[in-house]
Structure formats: structure tokens, C-alpha cells
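The values are calculated or read from the model by the stated rules, or taken from the named source; none is laboratory data. Given the structure is predicted, the values throughout are model-derived calculations rather than measurements. We place every Cβ from the backbone using ideal geometry, glycine too, and count neighbours over all the protein chains shown.
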């Protein structure tokens with residue numbers, strides 16, 4: 001188990017090293033000449049307007065909630081896709097493949113029902129204009 | 001989880017457990033809701049690491065994707081919607097009695113956990129030692145979840161889509177009404 005996760009550790013270490021190295025290098029090589037303009041928070045290149053702590057529109061929340069719901073839908077598709085060969089065979093797989101004449105549409109059918117029900121929700125969202133910003 | 005936990009395994013199990021508990025304590029004691037939410041992300045990540053160590057790799061990945069990703073986004077959006085202002089201006093709504101009540105509920109839950117861990121678990125709810133690791137080795141990390149989900153629990157899986165549909169309709173009805181009222 002320790003061995004299998006070594007690449008993950010390498011990736012984490014490399015990412016952390018990169019982040020620290022970029023900050024450290026720019027700090028070591030810069031010559032600080034601060035001006036009031038340079039000290040302002042960067043906001044897409046335009047002068048910042050007002051405070052960052054203002055009330056945000058409920059539209060952002062709508063987008064976030066719809067994102068979660070369709071995210072969960074995808075979560076159910078991952079195990080389905082990984083298990084699809086077994087699900088589309090009426091008998092257990094023989095050497096990783098389905099015996100002739102035993103292919104079933106059980107796996108396809110159950111996901112189609114799942115998606116059809118959620119498609120109703122998607123059409124409802126679309127018709128109600130919840131995906132439109134204004 | 002190996003049959004006999006190695007020192008490496010035990011060390012990391014307690015490490016992630018302690019990180020999760022410490023972050024949870026910091027999470028509930030923060031004044032600024034945004035930094036509390038960030039500590040909650042740390043709790044979620046530690047829990048994901050514990051899931052992976054218990055040979056529930058798929059659940060661990062989903063924990064990061066759904067909880068640390070999607071659910072935290074919604075928490076942060078709620079904080080932005082409420083616009084609680086600067087943390088220093090916030091009056092602490094949690095009075096002494098609320099703190100005592102929360103502490104009592106917490107102690108109750110800890111006591112329940114201890115009883116569960118120390119007491120004997122009924123046979124249908126226990127797995128033989130190393131069972132999950134054997135399954136993952138034999139079938140991969142996803143198949144042990146996918147097999148029962150799409151056979152024995154097929155009805156529950158299909159009902160999930162109805163629950164998600166209800167959530168979609170609820171979000172649109174509540175969200176659109178408020179947006180139109182402006």
C-alpha cells in the first residue's frame with residue numbers, strides 16, 4: 001500500500017515545491033519600489049470599486065446549487081461506466097468478456113431511466129430560464 | 001487496511017485523525033465564516049485520506065470532489081449572499097447557554113461513539129478483517145461499490161434521481177422567485 005501511493009506523494013511534493021519556489025524566487029529577485037497604485041489589490045486590471053464584502057446576487061447561488069445537483073448525477077455515472085461490462089451481461093463474465101448470446105440491456109436501461117428523470121429537471125430549468133443570467 | 005497495521009499505517013491513521021479533529025475544533029471556534037469554511041475543507045480532506053486508508057478509495061475521491069469541491073462552493077456562496085460584514089463587527093450570537101448545550105450534545109455523541117467502539121457489533125454489520133482490501137485487490141476500487149448499487153440497491157439508485165429532481169425544482173422555484181422580485 002505504501003508503494004502504490006508513492007507517485008501521489010511525489011506529485012504533492014512537486015506541486016508544493018513549485019509553489020514555494022515561485023514565491024521565493026520572485027521575493028529574492030525583486031527590488032521593492034512600492035507605489036500606491038502597485039499596492040492596490042489586482043482586479044482584472046481596472047481600479048477596484050468599493051469593498052469586497054458586498055452582498056452577492058442570489059443568481060450565483062442558483063448556479064452553484066444546479067452545479068452540485070448535476071455533479072452528483074455524474075458521480076453516479078462513474079461507477080456505472082466502470083462496471084458497464086458486468087452490467088450488460090446476463091451471466092458473470094468469463095475471462096473478462098460476455099459469453100455469446102448473454103448480452104443484456106439491463107445496464108443501459110437502468111441508466112437511461114436515471115437520466116430520463118433528471119432530463120425532466122434539466123428541461124424544467126431550461127424552460128424556467130434559470131440558466132439565463134437576466 | 002492491512003491485517004496487521006504497520007507502524008507506517010498506524011502513524012498516518014492517527015495523523016489524519018488528529019488533523020481532522022483539530023481542524024474541526026478550529027472550524028467551530030472561528031469568528032470569520034469564510035475562514036471557518038476553509039477549515040472545514042481541511043476536515044473534509046483528512047476524512048478523504050482516512051477513507052483511502054480504509055480501502056474505500058472511491059468514497060475518498062468522491063469526498064474530495066463532492067464535499068470539498070461542490071458542497072463547499074455552496075457554503076461559500078451562502079456566506080457571500082448573507083454578507084455578514086467584517087468578522088470584527090460580528091456580535092457573537094453564541095451565548096453561554098448555547099455553548100453549554102452544544103458541548104453537552106458533543107459529549108453525548110462522543111459517549112455514543114465510545115459505546116459503539118467498545119461494545120460488540122452485531123454479526124450482520126461486521127466484515128472479516130482485511131475483507132475490503134481483498135475485494136479491492138480482486139475487483140478494483142469501484143466494482144465493490146458499483147455491483148451492489150446497480151443490482152440490490154437498484155430501486156434506491158433510481159429513487160435518487162427523483163430526489164435530485166426535487167432538489168432542482170426546489171432550487172429553481174426558490175431562487176427564481178427571489179431574483180424576479182428584485
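Which residue is farthest from the other protein chains (Cβ to nearest Cβ), if the candidates are limited to region A:76-90 and must be at pLDDT 90 or above and in contact with a helix residue (DSSP H, G or I) (Cβ under 6 Å, 6 or more places away or on another chain)? Among residues in region A:76-90 that are at pLDDT 90 or above and in contact with a helix residue (DSSP H, G or I) (Cβ under 6 Å, 6 or more places away or on another chain), the one farthest from the other protein chains (Cβ to nearest Cβ) is A:80. Can you pull out the residues in region A:15-54 that are within 14 Å of chain B (Cβ to nearest Cβ) and either touching a residue at least 12 places away in the same chain (Cβ under 8 Å) or surrounded by 11 or more Cβ atoms within 10 Å (Cβ to Cβ) (or both)? Listed by number, the list holds a single entry, A:53.
Rundown of residues vs (1) under 14 Å from the mean Cα position of the chain (by Cα); (2) modelled with pLDDT under 85; (3) closer than 30 Å to residue B:131 by Cβ, yes/no style:
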{"position": "B:10", "(1), (2), (3)": "no, no, yes"}
{"position": "B:15", "(1), (2), (3)": "no, no, yes"}
{"position": "B:26", "(1), (2), (3)": "no, no, no"}
{"position": "B:51", "(1), (2), (3)": "yes, no, yes"}
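Scanning region B:137-155 for residues that are in a helix (DSSP H, G or I) and more than 9 Å from chain A (Cβ to nearest Cβ) yields B:137, B:138, B:139, B:144, B:148, B:155.
When residue A:27 is tested against the conditions (1) within 26 Å of the chain's Cα centre (by Cα); (2) not in a loop (DSSP other than H, G, I, E, B), the lone failure is (1). In region A:1-24, which residue that is under 26 Å from the mean Cα position of the chain (by Cα) and outside any helix (DSSP H, G or I) is nearest to residue B:34 (Cα to Cα)? That would be A:5.
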